[in-house]
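Here is the structure we will look at.
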Amino acid sequence: MKKFSKIPKPQGTMRTDPALLKAKDAESAYHYARDIIKGRWPEAEPLIAKDPMMAYLYAKTVIKGRWPEAEPVIATEPHISYLYAKEVIKGRWPEAEPIIATASGTAYEYAKYVIKGRWPQGELAIATSPRGAYLYAKEVIKDRWPEAEPIIAKDTSTAFDYAKDIVKGRWPQGEAAIRELTYFWGPYLDFLKTVGQDVDMWQVDEWD
């Protein structure tokens, strides 16, 4: 696996540049580079590179490309790592995938928008969130995801959506959650009628 580059040490001008003395934080330095210099500001880069979000934005809007020196810091935050891969690298970022795979929503987005397909490494995290698991099944797998169905079945609205959009029919495993709210139970029964599975709401347990 490729090793990250080291962040360069501050140059002597960093201590004397009047603008940098006023930019006491990474965000201020980033905005100064983007809005005033309208280009790279080498003396401030060590400061900007300490903040994951500012480093990502600096790479995207100022450098307009990868910034290897800041990548070790960017790769400490799952969602920012995903954004860097999608918006800067415009492809997979193997070095950051272990951290991206720790966050359910971010892992789903990485699979959908970067990998554009299933991502086994991220599925463990994705499957911890009912909504994330449903979206992964719908948008990435485009079919049922049996391994995640126990967690999907715990959330009322998500269980309803999964039955309607993925199972496309009666889903007994999710009915306990769906029945918790009449707001979803009524539409669920109406949906079953449309697919030829008309069920008496008081006799549902007899199907189980």
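Since every read-out is calculated from the coordinates, none of them should be taken as a lab result. These numbers come from a predicted model, not from an experiment. Methodologically, a virtual Cβ is constructed for each residue, glycine included, from the backbone with ideal geometry; neighbour enumeration extends over all protein chains shown.
For region 76-144 versus region 158-186, the spacing of their alpha-carbon centroids is 25 Å.
Evaluating 6.51 cos²θ - 1.76 cosθ + 1.60 at θ = phi - 60° for every residue in region 101-112, the Karplus couplings come out as 6, 8, 10, 4, x, 5, 5, 4, 4, 4, 5, 6 Hz, glycine and proline recorded as x.
Other residues whose C-beta falls under 13 angstrom from the C-beta of Gly91 contribute a net charge of +2, scoring Lys and Arg +1 and Asp and Glu -1.
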